[in-house]
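No value in this document is a laboratory result; all are computed from the given coordinates. What you are looking at is a predicted structure, and each value in this text was computed from that prediction instead of being measured. Here the Cβ positions follow ideal geometry from the backbone for every residue, glycine too, while neighbour counts run over all protein chains shown.
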Amino acid sequence: MRGLTVRWSLAEAPDGVEEALATYVAETSHARFTGMSGLRFKTWRMRAGEWFEGSYVFVDDQARADFEESFRAGADDSPVSQIVGSPPILTEPCDVVAIAEGWEGFEATPD
């Protein structure tokens, strides 16, 4: 499986950015990625005052490459970059070795 990590720094982001990001994910981004062709899943992670991150897992190299090319072309103007006030500090492809689903299963709704 092919992964991609995109991270923004929150070190110099405006006050209230964490709430704004959570609202954006819940109201816009979650729906955009739900059911996306070529995507196995996406998670949104955040450490308040430190970073916000999108972690993607794609079905194959081509799906990841297509998404990464499109994302990089507009990264500086992406909704998250606008909310945070700066472009991503990291866009990094990776391999996902395995995924284990625990007994409680996945919860696929924004928190």
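Things to note:
- Exposed loop sites were defined as chymotrypsin sites (Phe, Trp or Tyr not before Pro) in DSSP loop states (anything but H, G, I, E or B) carrying at most 11 other C-beta atoms within 10 Å; in the chain the longest segment without such a site runs 1-102.
- Fewest-first sequence of LEU21, LEU90, LEU39 by Cβ atoms within 10 Å of each Cβ: LEU90, LEU39, LEU21
- Order of VAL96, VAL57, VAL25 - criterion: other Cβ atoms within 10 Å of each residue's Cβ, fewest first: VAL96, VAL57, VAL25
- The Rg/Rh ratio for the chain, using Cα coordinates for both the radius of gyration and the Kirkwood hydrodynamic radius, is 0.96.
- Here the stretch 94-111 and the stretch 1-74 have alpha carbon centers that stand 15 Å from each other.
- Note: relative contact order over the chain, using C-alpha pairs below 8 Å and six or more positions apart, is 45 percent.
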